Amino acid sequence: MPDEMNPDWIDYTSDEDILIDVLDSFKEGGERELDENDQLFFCFINHGATNSQGDTFFGFPLIDLNDYIIYLLNLLGLNVNTPRLFDYELANYMDGIDGKLILALHPCHSGGFIDNVGGENRVVISSCAPYELDDGWIYIFRQVLNFQYPDADFNGDDKISLMEAYQFSATEIFAQTEQHSLIDDNGDGIGHFFTDPEYDPNTEGMDGYLASTTFL
């Protein structure tokens, strides 16, 4: 991801219908159909929140005071009509895509998506826990993937696995903000912090194991 955005790199308008069409294109019969040997990297950068029903959603704007009022009303469950992508909606839209799915979710409250979008052969990394705010995790994560942190290559193989990118960025952002970047890659839909006993990249079936052999 570049430091400066060139609009020429944008292929589609960002809205829900186009998101559905793009994800459908990776399914059986689609123009970008994936099989079990392929992998898809899905990186979502936007705002996020969780409403009073416990549903996490992405995609609302926060530009002026009116936007903040709408944001607060949505948190109270009043469902003011603004563009939002709910956790269960994204899970449904991705259902049927073969291959390995890698999801890097940047918004606040992004850990709330894991229980819906996690699954077999998926690596899901959130910037923070379900009820936490994000304060810059994606910038560290992308710099690790761009080899700007040599210390992130824990095993010295001159490659950065998703596990290394996760653990290094999670360590750095926690030191700066105390937010808990989570990972789920064992298919149970439960995200874990790298200090949790359920996180063990060296043991099959534990969170971090699949990510340790996954590269972009």
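Every number here is computed from the coordinates shown, using simple stated rules; none is lab data. On a predicted model such as this, the values are computed, not experimentally measured, just so you know. Neighbour counts are summed over all protein chains in view; Cβ atoms, including those assigned to glycine, are modelled from backbone coordinates with ideal geometry.
Could you tell me the calculated FRET efficiency between Phe154 and Arg32, based on Cβ-Cβ distance and R0 = 45 angstrom, to the nearest 0.05? The partial results should precede the final answer.
Values: r = 33 Å, r/R0 = 0.73.
With a Förster radius of 45 Å, E is 0.85.
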Relative contact order for segment 81-216 using alpha-carbon pairs under 8 Å, separation at least 6, rounded to a whole percent?
-> 24
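Could you tally the net charge around Asn116, taking each other residue with its Cβ under 10 Å from the Cβ of Asn116, Lys/Arg +1 and Asp/Glu -1? All intermediate terms of the calculation are to be shown ahead of the outcome.
Working: positive: none; negative: Asp55, Asp87, Glu89, Asp115.
Around Asn116, the surrounding residues sum to -4.
Per-residue ellipticity at 222 nm for the chain, helices alone: DSSP H runs ≥ 4 residues times -39500 (n - 2.57), over residue total, nearest 500 deg cm²/dmol?
Working: 7 runs with 61 residues, N = 216.
Calculated from helices alone, the mean residue ellipticity at 222 nm is -8000 deg cm²/dmol.
What does the extension gain come out to for Phe147 and Gln176, with contour length at 0.36 nm per residue minus their alpha carbon separation? Provide the component values of the computation, followed by the final result.
Details: separation 29, 0.36 × 29 = 10.44 nm, distance 2.04 nm.
So the extension gain works out to 8.4 nm.
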